[in-house]
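This report concerns only the one structure given below.
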Amino acid sequence: MAANMLRLYLTCIRNTLEAAMCLQNFPCQEVERHNKPEVELKTSPELLLNSVVICRNEAEKCLIETSINSLRISLKVKQADELENILTKKFLRFLSMRAEAFQVLRRKPVQGYDISFLITNYHCEEMQKQRLIDFIVQFMEDIDKEISELKLSVNTRGRLVATEFLKQFI
Amino acid sequence: MILLQSPSKYLLQILTTRLENLDKGVELDSYWIEFNDVRYHVQASMKNPNLLFLSVSLPPPPPETVSFGGLPPGAIEAIKAAYGVVAQILDPPRDGFSLTLKLNLSKLPPDEEHKHGVLTKIASVREVVLGAPLRVFLKQLASRTVASDIDKVVALVHRPMESFFLIPQVEKVTVVFPMRFKDSIDILLATSFLKEFVDARRTAGLNNAPPCSWSPSPPPELKGAPPEALSSNAGFVSFVIFPRHVEGRKLDRTVWSLSTFHAYVSYHVKCSEGFMHTRMRRRVESLIQALDGAKPDYEKAVKATQNRSFKRLSLKDGRSSLKSFS
């Protein structure tokens, strides 16, 4: 059931991205010879599309904002307890610090979300659209997997540490 | 290595190497620090290759603990009992140290097994000295004699300026550790580990292990203790030690395990964080590879390196270098 819900959530995001990822080069209207991602500036409403929020539940959602030359995807990841909270923060901070290597990752997440991507028309020119969308969806699955595996490793190690210590007294 | 080992590996190595090379005796002057701020100094000269001066400095005790001249209560007796004629306590100790021992290697037992046993015991000097007061209480528990401090809260030092607590009774000794960590991630990981101790104790195979409990606030047994010593950010862990945990050979192991409990948890918290970092780095690499797969040139570049053919330069490459300026 949970896997099914995840599939639906990811499929919805994938379909929205396929529709939204139609980016073209657009030199800045306000400043000469500048070329900026319009979704970050949000100064000209005619260049922006309506933003879409896809919610899996109250704790998990995805915000997709599109403009003529750029697309911003923000994710809020579920954090069930204190430990998951800190593991998620640690892991996503780890990724964001390496944003340059990832190219499409934003260094800071959008306010209210845990991690953000910024895709520009240049990225779409360099990379195949389908593969890029595959990457984003894969990324989302990987985050979920990684957090639960990290949590599991902490619990397993905790059990082992405790057992070995107590065994000494027997 | 899951459990912390009592003999200091480095010290044991120095001693055995010295013993093996007595005729080639060299000048030795070594100084090092181990976990919880225990410092060692070893000095030996060529003039008397059999003599070795070992100095140990202990973590500074907090005000609520008792100490006699820089050493924990019972330490001097413990040293004499453990080392006999091999070690002689020098008074005053070397400057900056709590204890200096003059070791006479010629007084070691002649047969190899016993000799190694004594050397290992010397390398465990930390356990002997720091664990001395705890050992006294646990020995009284093993022989079920009435302790002088019965039902009172006793504070013993285990970390710099931090203590843990003992409540000795005739039938059992309760040991309570206030757990403190500096980093917020450490606190969370440690709290989850400590809760595992309580859960693990309930499994069938560990019925004879000391009953163990965790609470976020000071347990009622610590009523008599000074409030400054009772601050903690990862809760309080209590173990109840019964005579069966300290009979015979188990006594030394129990003393060591309890004296280094905080260090043990701290060590594994750090290992856990290191492991998580390794995992995250690996995940980052695999994600970047997936992203590279999105580039149409990737497959061509992979094939090109495999075929060792030349890459054709085109306008596109020129444009990509221009982009880096914009």
For the range B:1-155, the convex hull over Cα atoms projects on average to an area in nm² of 11.0
Using only the alpha-carbon atoms, what does the range B:30-75 span along each of its principal axes? Please give whole angstrom values in decreasing order. 44, 22, 11
Placing each pseudo-label 7 Å from Cα in the direction of the beta carbon, A:ARG98 and B:THR120 end up separated by a distance in nanometres of 4.4
If the only charges are +1 at each Lys and Arg Cβ and -1 at each Asp and Glu Cβ, what is the size of the charge dipole of chain A around the Cα centre, to the nearest 20 debye? 480
Shielding by other protein chains, A:84-94, mean Cβ within 10 Å: 3
If you wrap a convex hull around the C-alpha atoms of chain B and split its volume per residue, what is the figure in Å³? 275
Using the Karplus curve 6.51 cos²θ - 1.76 cosθ + 1.60 with θ = phi - 60°, work out ³J(HN,Hα) for each residue of the range A:46-63 in order, rounded to whole Hz, and write x for Gly and Pro. 6, 8, 10, 9, 5, 7, 10, 10, 10, 9, 8, 7, 5, 8, 10, 8, 9, 10
Between B:LYS270 and A:GLN29, what FRET efficiency comes out of the Förster formula 1/(1 + (r/R0)^6) with R0 = 41 Å and r the beta carbon distance, rounded to 0.05? 0.15
Potential extension, B:ILE89-B:ASP151 segment - 0.36 nm per residue separation minus Cα distance: 19.0 nm
Under 37 °C and 0.692 mPa s, how fast does the range A:98-164 diffuse according to Stokes-Einstein, given a Kirkwood radius computed over C-alpha pairs? Answer in µm²/s, whole number. 228
At what distance in angstrom do the alpha carbon centres of the range B:230-261 and the range A:28-79 lie from each other? 57
Applying 1/(1 + (r/R0)^6) with R0 = 41 Å to the Cβ-Cβ distance of A:LYS90 and B:LYS139, what FRET efficiency is obtained, to the nearest 0.05? 0.35
Taking Rh as the Kirkwood radius, which is the inverse of the mean 1/r over Cα pairs, what is the Rg/Rh value for chain A? 1.10
Per-residue mean of C-beta atoms belonging to partner chains within 10 Å, peptide B:190-202: 5
Which one of B:LEU3, B:PHE97, B:THR65 has its Cα pushed farthest toward the positive end of the charge dipole of chain B, where Lys and Arg give +1 and Asp and Glu give -1 at the Cβ? B:LEU3
Rg over Rh of the range B:154-283, using C-alpha atoms and the Kirkwood radius, what does it come to? 0.99
Per DSSP helix of 4 or more residues, -39500 (n - 2.57); summed, then divided by the residues of the protein assembly as shown. What does that give at 222 nm, rounded to the nearest 500? -14000 deg cm²/dmol
Mean other chain Cβ within 10 Å across B:203-212 is 3
Karplus ³J(HN,Hα) for the range B:278-286 (6.51 cos²θ - 1.76 cosθ + 1.60, θ = phi - 60°; Hz, whole; x = Gly/Pro) runs 4, 4, 5, 4, 5, 5, 4, 4, 5
7 Å from Cα along Cα→Cβ at both B:GLU112 and B:LEU28: what's the point-to-point distance in nm? 2.0
Charge-dipole axis of the range A:4-77 as Lys and Arg at +1 and Asp and Glu at -1 on Cβ define it, positive-most pick from A:LEU47, A:TYR9, A:VAL31: A:TYR9
Net charge dipole size for the protein assembly as shown [Lys, Arg +1 and Asp, Glu -1 on Cβ; Debye, nearest 20]: 840
I want to check the label-to-label distance for A:GLU164 and A:THR43. Put each point 7 Å from Cα in the C-beta direction and report it in nm to one decimal. 6.0
May I ask you to derive the FRET efficiency for B:THR203 and B:LYS172 from their Cβ-Cβ distance with R0 = 22 Å, giving the value to the nearest 0.05? 0.50
Distances over 30 Å make up what percent of all Cα-Cα pairs in the protein assembly as shown? 62
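Coordinate-derived values only; no laboratory data. Computed from a prediction, not measured in an experiment: that's the story for all the values here. Virtual Cβ from ideal backbone geometry, glycine too; neighbours counted across all protein chains shown.
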